[in-house]
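Below: one structure, written as structure tokens.
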Amino acid sequence: MSDPVPPDIAAALAQTAERRGCFGDPVYYFGETASTNDIAATLAEHGAPEGTTVIAARQTAGRGRLGRTWFSPEGAGLYLSLVCRNPDAAPLLTLAGGVAVAAGVRAASGLPVFIKWPNDVVVGDMRPRKLAGILAEASTGADGLQYVILGIGINLRPAAYPPELAGKATSIETELGRAADSAAVLAETLAAFRELVDRLARGDRAQVLARWRALAPSSRGAMVEWTTSAGDRRGISAGIDDEGALLVKVGGRTERIISGEVRWT
Ligand code: BT5
């Protein structure tokens, strides 16, 4: 059983109903849950439509990629997951999620945030601090893709981050020096996401990629390092290709990185 949707969220969703389309409709709100991605996946298994949204005030087992933890204390962040079913949009959903969060945060707060490949929303150029993260989890069946759950965590207010996040994590309020309107951040993110997914569904990848590239200056010309089974490698970032892979110049060659961890050095 879900909890009542807080009035500020209900009001912001009502105000943006036309722009956000199916995203945020229906919405399920929980005071506490293990992970909103798990609830959204269970709902999707039971036929929940595209746009179904799960929001929690806190998560007890929020997760990132590759088994990592997403620190999700009460009141400090927005924790939400979206059910996405359009197979044409699926390949670039993570990138679209990053653009949507960046656009939503900018529209609702004015804070100039950027994207760090593949899915970090950050503040600051030289020493980027992470403000938000995106986790796309796909479920495939015999007929191909069934759904993708797009999980989004956005830090709104300062929190007692664990020591390993000190200096690496930040929040909208920390950066702006004033409170963020969390309901507006949510509603603007959903509206931006809807526009991007509509474009992908029409086969228009170019605009989504162009917006991502414009928000991700560090994806070009930065020194990066990554680990392969053959050891550490270094190169200069050279943008993303049309599938969203990071291109890196190593000597005279260009390598294509599709997953794993890249370190900006
Ligand atoms: C991500 O993973 O950045 C994806 C985060 C997705 C979280 C949302 S919240 C709603 C939904 N439900 C879930 O259970 N998850 C999604 P990744 O790129 O692997 O980054 C994880 C790393 O970010 C951690 O290892 C920490 O270093 C750092 N981190 C953890 N919590 C953070 C926070 N609140 N703010 C900034 N950095 C954090």
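See the values below:
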read-out	value
Top of 144, 110, 235 by mean-square fluctuation, Gaussian network on the chain, Cα under 10 Å	144
Relative contact order [Cα under 8 Å, 6+ residues apart], the chain, whole percent	18 percent
Residue 198-residue 32 FRET efficiency (beta carbon distance; Förster radius 35 Å; 0.05 resolution)	0.60
Per-residue ³J(HN,Hα) for the range 250-265, Karplus 6.51 cos²θ - 1.76 cosθ + 1.60, θ = phi - 60°, Hz, x for Gly and Pro	10, x, x, 9, 10, 9, 10, 10, 9, 8, x, 9, 10, 9, 8, 10
Exposure proxy ranking, count of Cβ atoms within 10 Å, fewest first, for 154, 9	9, 154
Karplus 3J(HN,Hα) series, Hz, for the range 54-60 with 6.51 cos²θ - 1.76 cosθ + 1.60 (x for Gly, Pro)	10, 10, 10, 6, 8, 10, 8
Cα→Cβ-extended label distance, 7 Å offset, between residue 140 and residue 250, nm	2.6 nm
Tensor-based shape of the range 145-265 (alpha-carbon gyration tensor, a/c under 1.5 rounded, otherwise prolate or oblate)	oblate
Relative contact order computed over the range 191-265 (Cα-Cα under 8 Å; 6+ residues apart), in percent	24 percent
Cα gyration tensor shape of the range 18-172, rounded if a/c is under 1.5, else prolate or oblate by comparing a/b with b/c	prolate
Ascending count of other beta-carbon atoms within 10 Å, so fewest first, for 29, 79	29, 79
Cα centroid of the range 1-59 to Cα centroid of the range 126-190, whole Å	16 Å
Alpha-carbon centroids, the range 249-263 and the range 197-225: separation in whole Å	17 Å
Residues residue 86 and residue 236, FRET efficiency given R0 of 45 Å [Cβ-Cβ distance, rounded to 0.05]	0.80
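No value in this document is a laboratory result; all are computed from the given coordinates. It should be emphasised that the depicted structure is a prediction, and the values quoted were computed from it without experimental measurement. Cβ sites come from the backbone with ideal geometry, for glycine too, and all protein chains shown count toward neighbours.
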